[in-house]
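Enquirer: To start, I am sharing the structure in question, which I have written as structure tokens.
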Amino acid sequence: MSLRNRCPHAIWRHYPVIVAGGGIGGLAAALALTRRGFAVKVLEQAPELGEIGAGIQLGPNAFAAFDALGIGDKARGRAVYTDEMVMHDALDETLVARVPTGEAFRQRFGNPYAVIHRADVHMSLLEGAEESARVEVLTGTTVQRVEQDDDGVTVYDAKGGRHCGVALIGADGVKSAVRRQYVGDEARVSGHVVYRAVVDKNEFPVDLQWNAASIWVGPNCHLVHYPLRGGEQYNVVVTFHSREKEEWSVREGSREEVQSYFEGICARARQLIDLPKDWKRWATADREPIGQWTYGHATLLGDAAHPTLQYLAQGACMALEDAVTLGEALRVHDGDFARAFAHYERSRVARTARVVLSAREMGRIFHAKGVERLVRNDLWKGRAAQRFFDAVEWLYGWRVENCLAA
């Protein structure tokens with residue numbers, strides 16, 4: 001049965017693009033699509049739109065994407081702009097690396113480095129979507145399966161609902177139902193557990209209230225902190241190699257568990273794990289990079305396409321880049337989804353795979369022990385800022401103007 005027959009009450013040429021997932025990637029995709037003139041229907045499984053988690057870091061590439069999506073001012077107004085990125089050894093407080101992110105950084109990459117609450121990124125995208133008046137959002141709607149024919153897609157949800165569209169963007173996260181149907185691969189559980197919390201400024205140690213994205217690296221663990229929301233809150237993230245066999249999951253954390261993994265680290269860093277009253281616990285995973293994520297009228301985006309570990313702080317940034325690149329491909333190919341999806345995929349596969357693989361290696365560097373720790377601490381000694389900038393040019397140098405160049 002054709003899509004026209006399955007959905008007889010709609011005018012075919014007015015069908016929307018279906019976006020599975022209403023998180024950062026899904027809303028960014030919705031915005032990119034509306035800017036190309038498409039109506040969009042977003043299917044979100046949660047009962048209401050929102051983001052769990054705490055802070056995230058935004059490289060210059062994220063701000064380039066925000067501008068392309070028309071929400072640059074909204075996102076900039078909610079971000080905290082750091083003076084530097086700084087790494088210390090968590091055992092002896094040795095300064096391992098310091099990367100200034102001030103004027104020279106902005107001059108090099110055209111945009112700042114910043115930190116922000118995930119919810120504030122999501123809110124900026126949602127406001128943009130609401131202003132467009134071309135985005136319909138259905139919450140409490142879990143995608144179960146997809147059918148395709150020559151005309152487009154029909155998405156069936158867990159309640160038996162049917163949603164017809166000219167195309168489907170699978171932006172439904174790390175446990176994507178769209179990816180499960182078309183790829184069916186297994187997650188690569190890392191064994192690394194992440195605890196995240198937000199602490200009010202008046203409860204955060206004065207001697208750590210730095211305007212910096214700060215990391216303390218230790219054997220099989222690390223700790224991160226940085227300011228949020230005008231410096232009124234601080235994001236605290238701790239990561240360790242679990243003793244248990246982990247499954248990909250998110251749940252409430254245990255104060256006793258997290259404290260048990262940080263014996264031996266210096267007192268200055270250790271005080272971070274004593275601060276939060278409530279923790280969220282993530283058992284992390286990624287997937288092996290794949291060379292195809294377009295299947296007929298459906299394509300993948302964000303964590304559904306290339307879930308990554310957190311060690312490059314680029315998960316949200318890659319989803320934003322994906323959305324902008326998809327929009328640009330549709331512009332170049334005048335709304336032809338087949339050609340646009342192929343161009344989008346071709347432009348993104350190698351770059352996002354490099355992020356996934358580089359994040360794994362960065363996790364090894366962060367968590368080095370023994371002689372590897374000594375090598376790690378010697379890697380960046382005395383390195384000038386411009387050499388750090390050169391090393392991340394491939395990552396932070398992304399622009400809308402070059403996004404289809406691959």
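The values are calculated or read from the model by the stated rules, or taken from the named source; none is laboratory data. What you are looking at is a predicted structure, and each value in this text was computed from that prediction instead of being measured. In this analysis, Cβ positions are derived from the backbone assuming ideal geometry, glycine residues included, and neighbour counts consider all displayed protein chains.
Enquirer: Here are some residues: Asp185, Asp150, Asp172. Which one is in a loop (DSSP other than H, G, I, E, B) and buried (at least 16 other Cβ atoms within 10 Å of the Cβ)?
Expert: Of Asp185, Asp150, Asp172, the one residue that is in a loop (DSSP other than H, G, I, E, B) and buried (at least 16 other Cβ atoms within 10 Å of the Cβ) is Asp172.
Enquirer: For the stretch 1-37, which residues satisfy the criterion of being part of a helix (DSSP H, G or I) and either crowded, with 24+ Cβ neighbours inside 10 Å or at pLDDT 95 or above (or both)?
Expert: Ile24, Gly25, Gly26, Leu27, Ala28, Ala29, Ala30, Leu31, Ala32, Leu33, Thr34
Enquirer: Does Val135 satisfy the condition of being within 15 Å of the chain's Cα centre (by Cα) and not charged (D, E, K, R)?
Expert: So Val135 does not fit the description; no.
Enquirer: Shifting gears a bit: Report yes if Glu131 is farther than 15 Å from Gly397 by Cβ and part of a helix (DSSP H, G or I), otherwise no.
Expert: yes
Enquirer: I've got another one for you. What about Arg196, is it under 27 Å from Val115 (Cα atoms), crowded, with 21+ Cβ neighbours inside 10 Å and not acidic (Asp, Glu)?
Expert: Answer is yes for this residue.
Enquirer: Could you tell me which residue of the stretch 263-272 is farthest from the chain's Cα centre (by Cα), considering only residues that are closer than 18 Å to Phe204 by Cβ and without any contact (Cβ under 8 Å) to a residue 60 or more places away in the chain?
Expert: Filtering the stretch 263-272 for residues that are closer than 18 Å to Phe204 by Cβ and without any contact (Cβ under 8 Å) to a residue 60 or more places away in the chain, the one farthest from the chain's Cα centre (by Cα) comes out as Ala267.
Enquirer: Which residues, taken from the stretch 48-78, are modelled with pLDDT under 95 and in a loop (DSSP other than H, G, I, E, B)?
Expert: Glu48, Leu49, Gly50, Glu51, Ile52, Gly53, Ala54, listed by residue number.
Enquirer: Scan Asp73, Asp67, Asp89 and give me the residue that is surrounded by fewer than 24 Cβ atoms within 10 Å (Cβ to Cβ) and in contact with a strand residue (DSSP E or B) (Cβ under 9 Å, 6 or more places away or on another chain).
Expert: Sole residue among the options that is surrounded by fewer than 24 Cβ atoms within 10 Å (Cβ to Cβ) and in contact with a strand residue (DSSP E or B) (Cβ under 9 Å, 6 or more places away or on another chain): Asp89.
Enquirer: Just to verify a result, which residue in the stretch 287-334, among those that are crowded, with 24+ Cβ neighbours inside 10 Å and charged (D, E, K, R), is nearest to His192 (Cα to Cα)?
Expert: Asp303
Enquirer: Working only within the stretch 348-369, note down all residues that are closer than 16 Å to Pro219 by Cβ and touching a Pro at 6+ places or on another chain (Cβ under 8 Å).
Expert: His367, Ala368, Lys369 - these are the residues of the stretch 348-369 that are closer than 16 Å to Pro219 by Cβ and touching a Pro at 6+ places or on another chain (Cβ under 8 Å).
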